[in-house]
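Report on the following structure.
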Amino acid sequence: MGDSTYWRERAACLRADDPDMFFPVGNDGPSLVEVDEAKAVCSWCPVLEQCLDLALQLGPVQGVWGGTTESERRAIRRRDARPTTKKAVTLQNSDGTRRSARV
Ligand code: SF4
């Protein structure tokens, strides 16, 4: 079995009392409590990083993944999609040799 499936077997949410808390319906009241409870489970999950990476790769997916809500992951994707202000360029030294730099 490849590593891509193995990590899911170690997911803390597989042992959660109420797996539904990872998929709250709505954005207020009891749903916020469920989100907090789900994030608390994620906080000690040994595969949080892999889970969050997968959720970010999948695109819009409902529920709490990797300790984040869908709107939080959307913000991460937007941030990651921003162009960096620095660009890699090749500069020529006075002796004719070249070097790379980020400007
Ligand atoms: S990080 Fe992912 S795999 Fe781990 S408990 Fe949270 S939702 Fe489940």
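The values are calculated or read from the model by the stated rules, or taken from the named source; none is laboratory data. The structure displayed is predicted, hence computed values, not measured ones. FYI the Cβ positions are ideal-geometry reconstructions off the backbone, even for glycines, and counts take in every protein chain you see.
Overview of values
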| quantity | calculated |
| --- | --- |
| Tabulated pairs, the stretch 74-92, first under 18 Å from residue 61 (Cβ atoms) and free of Cβ contacts under 8 Å to residues at least 40 places away in the same chain, second among the polar types (S, T, N, Q) and surrounded by 10 or more Cβ atoms within 10 Å (Cβ to Cβ), C-beta under 9 angstrom, 6+ apart or interchain | 75/68; 76/68 |
| Helices (runs of 4 or more DSSP H) wholly inside the stretch 1-65 that include at least 1 residues being within 10 Å of the ligand (Cβ to nearest atom) and of a type in the set (Ser, Thr, Tyr) | 30-43 |
| Residue in the stretch 82-95 that is part of a helix (DSSP H, G or I) and at pLDDT below 95 present | no |
